[in-house]
Amino acid sequence: VITKIKARQILDSRGIPTVEVDLHTNKGVFRASVPSGNSSGMYEAVELRDGDKGVYLGNGVSKAVKNINDKISEALIGMDPTLQSQIDQAMIDLDKTEKKGELGVNAILAVSIAACKAGAAEKEVPLYKHIADMSGKTTPTLPVPAFTVISGGKHAGSTLAIQEIMILPIGASKFEEALRMGTETYHHLKAVITEKTGAHNCNVGEDGGYAPNISSFKEALDLVKEAIGRSGYNEKIKIALDVSATNFCIGKRYDLDFQSQKAGQNFKTAEDMIELYKELCSEYPIVSIEDPFDKEDWEHIKHVSSLGICQVVGDDLLMSNAKRIERAITESACNALLLKVNQVGTVTEVIEVVKQAKEAHWGVVTSHRCGETVDSFIADLSVGLASGVIKAGAPCRGERLEKYNQLLRIEEELGDQAVYAGDDWRQ
Ligand code: PGA
Ligand code: ZN
């Protein structure tokens with residue numbers, strides 16, 4: 001049973017406060033911490049921040065920490081950690097609001113994840129196995145890693161509007177090989193960027209991708225294509241984009257120069273953007289595009305989906321919200337979910353939204369946030385849910401690598417039983 005819960009404020013990878021919790025049971029102490037992102041919308045669960053501008057510029061989480069140490073702790077002590085849905089429901093009942101803003105999703109999720117880890121230990125099974133059991137006896141599957149190799153947009157502050165260019169080693173035979181292929185390509189990319197644009201363009205963005213100060217999508221994609229070629233993985237590595245277009249949509253038009261000195265001078269219509277995506281998909285091995293339009297543009301995203309050229313992922317569009325996912329399924333707006341656990345709030349609800357997406361035959365991308373901690377929970381989660389893809393940043397920087405390294409350990413532990421999603425990444 002749960003004997004003690006103790007939370008504290010720690011810092012995330014951006015130096016911004018976040019919540020960490022230690023949950024004690026008779027089996028030991030189980031620690032979890034929660035990530036946080038740039039994008040936030042009115043449909044996602046609410047992070048509780050102190051708002052005292054004099055302390056951490058208002059970003060402190062002492063109220064969320066206190067909510068765990070007082071209210072949540074009192075409600076959960078004595079409960080069996082294997083009863084995940086009852087634990088999660090107890091916190092939802094205590095919070096009483098639709099978006100978890102009373103206790104804070106940062107408080108609720110930290111405890112939910114720690115309880116999940118404790119539940120696995122109680123059952124004496126690996127964490128991914130416990131998650132697979134809870135999600136309907138899924139076959140644990142190692143996901144295809146989507147490595148961010150170029151960062152732009154709000155993740156880098158460079159002149160490149162697109163937020164992320166990712167590489168997916170779909171043709172690897174196992175995760176370990178995928179990690180090697182992605183990492184080799186990442187290193188080749190550094191050399192390509194240095195040769196073509198100068199070493200100063202190899203600084204990295206928030207999620208570890210290089211952040212060259214170039215503005216053309218094609219120029220950026222050419223660098224990546226060249227790096228894939230030099231690594232010798234032309235057929236085996238595919239490309240994915242996270243456009244995160246909401247960030248540069250101004251009154252239904254798109255400003256690709258929004259972070260450069262040319263901002264406000266040149267706008268693209270949604271139709272221009274569709275043409276651009278068509279062109280990019282015909283010239284580069286792009287298999288997935290995330291948020292190609294503003295998060296409230298439900299019309300144009302359908303056009304991209306109907307082109308049938310690639311997977312269309314809803315991140316800002318969906319905010320991992322069950323009602324938005326339902327609408328997107330009904331309207332065929334996109335065909336994959338970007339799963340951000342802290343937009344949902346509890347492990348039980350995460351399992352539910354993934355079921356919802358899979359029943360619609362969507363792809364599922366388990367995702368990190370730009371503000372991360374060294375908690376590797378999403379690695380086990382992606383295996384247990386058999387989500388097919390994990391997006392956890394570049395193969396660089398500790399908080400990103402902790403997820404990929406955990407996947408190596410899981411693959412090693414599964415041995416002969418290990419399954420790598422590979423070509424079946426969308427199933
Ligand atoms: P965020 O970005 O964590 O800054 O919201 C991640 C993404 O857009 O995929
Ligand atoms: Zn995104």
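The values are calculated or read from the model by the stated rules, or taken from the named source; none is laboratory data. None of the values given here were measured: they were computed from a predicted structure. Here Cβ is always computed from backbone atoms with ideal geometry, including for glycine, and neighbour counts include all displayed protein chains. The accessibility values were calculated without ligands, DNA or RNA, using every heavy atom of the protein model including side chains. Shrake-Rupley method; radii C 1.70, N 1.55, O 1.52, S 1.80 Å.
For this structure, a couple of remarks:
- Residue order for 190, 53, 302 - accessible surface, 1.4 angstrom probe, largest first: 53, 190, 302
- Rounded, prolate or oblate (a/c below 1.5 giving rounded, otherwise prolate when a/b exceeds b/c) for segment 18-58 by Cα gyration tensor: oblate
- Rolling a 1.4 Å probe across the protein heavy atoms gives the chain an accessible surface of 38 Å² per residue.
- GluC sites (Glu not before Pro) restricted to DSSP loop in segment 189-275 with at most 13 other C-beta within 10 Å: 235
- For the listed peptides 74-86, 99-111, 354-366, a ranking on the average number of other beta carbons within 10 Å per residue, highest first, reads 99-111, 354-366, 74-86.
- In terms of distances greater than 22 angstrom between alpha carbons, the cross-link table entries 117/340; 53/96; 137/355; 196/218; 154/252 yield 53/96.
- By average C-beta atoms within 10 angstrom, highest first, the peptides 117-123, 8-14: 117-123, 8-14
- On Cα atoms only, tilt of 84-95 relative to the major axis of the chain in degrees: 90
- Among 317, 94, the order of accessible area from largest down is 94, 317, computed with a 1.4 Å probe on protein heavy atoms.
- Relative protection proxy for 368-378, 396-406, from highest mean packing down: 368-378, 396-406 (other beta-carbon atoms within 10 angstrom).
- Only beta bridges with both residues in the chain are counted; by DSSP, about 55 percent of them are antiparallel.
- Result for the chain in a Gaussian network model with C-alpha springs under 10 Å: among 342, 67, 59, the largest mean-square fluctuation is at 59.
- Apportionment of accessible area to carbon and sulfur, the chain, percent (1.4 Å): 48
- Sequence-separation-based contact order of the chain, relative, with Cα cut under 8 Å and 6+ spacing, percent: 20
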